[in-house]
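**Q** Structure in structure tokens, see below.
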């Protein structure tokens, strides 16, 4: 399969304030979001050494014995924090598809630093602003992953400025809707597969993301990311060196009244000849608005001939519902 439909966009000129880039890059992003909902960025400005530190520490963590990783589990299984092993999640469940659990293990964290004021501690905030749980080893994990979160947090805010201009809105249109965001970083290990998966079982089942945009740092390893085109075909996504794959989520599709598409995607299993040795790791930053942000059709995406298609929703409850749908329910003994 080809990856030609997932364009590569250099956002460096926009970040540098280049006048031509501030016009051309939002236009290129708008085309990608309308056509397929995915694009790849270079020129993002995130330090390669920071990326290497985070990916290296993550691999060291996943190499630990299972019992040691389990020590980093969060006490409340209903909250997405800390380590979760294989069998905990089935992303296809967010689409009401019943499949075996996804073949992945995850370390999940939310905003690492937040004030403990009324806004961040009210009952409506408790599912989103939770102190992260950290493993004791490796020692470099917490500082490296925290630094990576903050770097992608800034990149997410920059991309939201691009999005605003791409939608013919003021550049700061989204600023007051994401200034206390509930974004999450998921570090995902897709282990080797020495045994054949169950029928219908994937590394990550077909799903769309929930929020505004996703920033994926992946690897070109067997058993990778596929997106479904508007024609209904699954297409492999190749990741250029030092780049991020960006896709929009459900809330951005609702904001744009379906002008931009929140595309189904999945992570497939490696082919059998290499499955027993094909490991893959991803760092995925899920940018999500403030929990109390109301997502309602933006002015430039509706008119009398194309009225709003969705009722308003609050960003926090929308994501919480999706988390519940994706969690694998324990079966009775």
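The values are calculated or read from the model by the stated rules, or taken from the named source; none is laboratory data. It should be emphasised that the depicted structure is a prediction, and the values quoted were computed from it without experimental measurement. Glycine also receives a Cβ, built like all others from the backbone with ideal geometry; neighbour counts cover every protein chain displayed.
For every residue, the table says whether it meets (1) over 30 Å from residue 66 (Cβ atoms); (2) touching a residue at least 12 places away in the same chain (Cβ under 8 Å); (3) in a helix (DSSP H, G or I).
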{"residue": "132", "(1), (2), (3)": "no, yes, no"}
{"residue": "144", "(1), (2), (3)": "no, yes, yes"}
{"residue": "150", "(1), (2), (3)": "no, yes, yes"}
{"residue": "159", "(1), (2), (3)": "yes, yes, yes"}
{"residue": "163", "(1), (2), (3)": "yes, yes, yes"}
{"residue": "169", "(1), (2), (3)": "yes, yes, no"}
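**Q** Return yes or no: is residue 216 modelled with pLDDT of 90 or more, crowded, with 21+ Cβ neighbours inside 10 Å and part of a strand (DSSP E or B)?
**A** Judged against the criteria, residue 216 is a match.
**Q** Here is a follow-up. Restricting attention to region 86-99, and to residues there that are out of contact with any helix residue (DSSP H, G or I) (no Cβ under 7 Å at 6 or more places or on another chain) and within 23 Å of residue 64 (Cα to Cα), which single residue is modelled with the highest pLDDT?
**A** Per the stated criteria, the residue is 86.
So that you can scan it fast, the table gives a plain yes or no per residue for (1) surrounded by 23 or more Cβ atoms within 10 Å (Cβ to Cβ); (2) at pLDDT 95 or above; (3) over 14 Å from residue 104 (Cα atoms); (4) in contact with a helix residue (DSSP H, G or I) (Cβ under 6 Å, 6 or more places away or on another chain):
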{"site": "162", "(1), (2), (3), (4)": "yes, yes, yes, yes"}
{"site": "173", "(1), (2), (3), (4)": "no, yes, yes, yes"}
{"site": "177", "(1), (2), (3), (4)": "no, yes, yes, no"}
{"site": "186", "(1), (2), (3), (4)": "no, yes, no, no"}
{"site": "190", "(1), (2), (3), (4)": "yes, yes, no, no"}
{"site": "197", "(1), (2), (3), (4)": "no, no, no, no"}
{"site": "209", "(1), (2), (3), (4)": "yes, no, yes, no"}
{"site": "212", "(1), (2), (3), (4)": "yes, yes, yes, yes"}
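**Q** Please tell me if residue 20 is under 20 Å from residue 170 (Cα atoms), touching a helix residue (DSSP H, G or I) at 6+ places or on another chain (Cβ under 9 Å), touching a residue at least 40 places away in the same chain (Cβ under 8 Å) and not in a loop (DSSP other than H, G, I, E, B).
**A** Considered against the rule, which asks whether it is under 20 Å from residue 170 (Cα atoms), touching a helix residue (DSSP H, G or I) at 6+ places or on another chain (Cβ under 9 Å), touching a residue at least 40 places away in the same chain (Cβ under 8 Å) and not in a loop (DSSP other than H, G, I, E, B), residue 20 comes out as no.
**Q** Let me ask something else. Report, by residue number, each residue of region 182-213 that is part of a strand (DSSP E or B) and within 15 Å of residue 283 (Cα to Cα).
**A** Answer for region 182-213, where residues must be part of a strand (DSSP E or B) and within 15 Å of residue 283 (Cα to Cα): 184, 185, 186, 187, 188, 189, 190, 204, 213.
**Q** Out of (1) touching a strand residue (DSSP E or B) at 6+ places or on another chain (Cβ under 9 Å); (2) modelled with pLDDT under 95, what's the single condition that is false for residue 130?
**A** Every listed condition holds for residue 130 apart from (1).
**Q** Follow-up. Kindly state which strands (runs of 3 or more DSSP E) lie completely within region 35-125 and contain at least 2 residues that are in contact (Cβ under 8 Å) with a residue 24 or more places away in the chain and more than 30 Å from residue 233 (Cα to Cα).
**A** 82-84, 105-109
**Q** Which of (1) surrounded by fewer than 17 Cβ atoms within 10 Å (Cβ to Cβ); (2) over 26 Å from residue 52 (Cβ atoms); (3) modelled with pLDDT of 95 or more does residue 142 not meet, given it meets every other one?
**A** With respect to (1) surrounded by fewer than 17 Cβ atoms within 10 Å (Cβ to Cβ); (2) over 26 Å from residue 52 (Cβ atoms); (3) modelled with pLDDT of 95 or more, residue 142 is out only on (2).
**Q** Quick one: in region 35-55, which of the residues that are surrounded by fewer than 16 Cβ atoms within 10 Å (Cβ to Cβ) and over 18 Å from the mean Cα position of the chain (by Cα) is nearest to residue 281 (Cα to Cα)? Working first, answer last.
**A** Restricting attention to region 35-55, the residues satisfying the condition of being surrounded by fewer than 16 Cβ atoms within 10 Å (Cβ to Cβ) are 42, 45, 47-50, 52.
With over 18 Å from the mean Cα position of the chain (by Cα) added as a condition, the list becomes 45, 47-50, 52.
Values: 45: 22, 47: 19, 48: 17, 49: 17, 50: 16, 52: 13 Å.
Checked region 35-55; the qualifying residue nearest to residue 281 (Cα to Cα) is 52.
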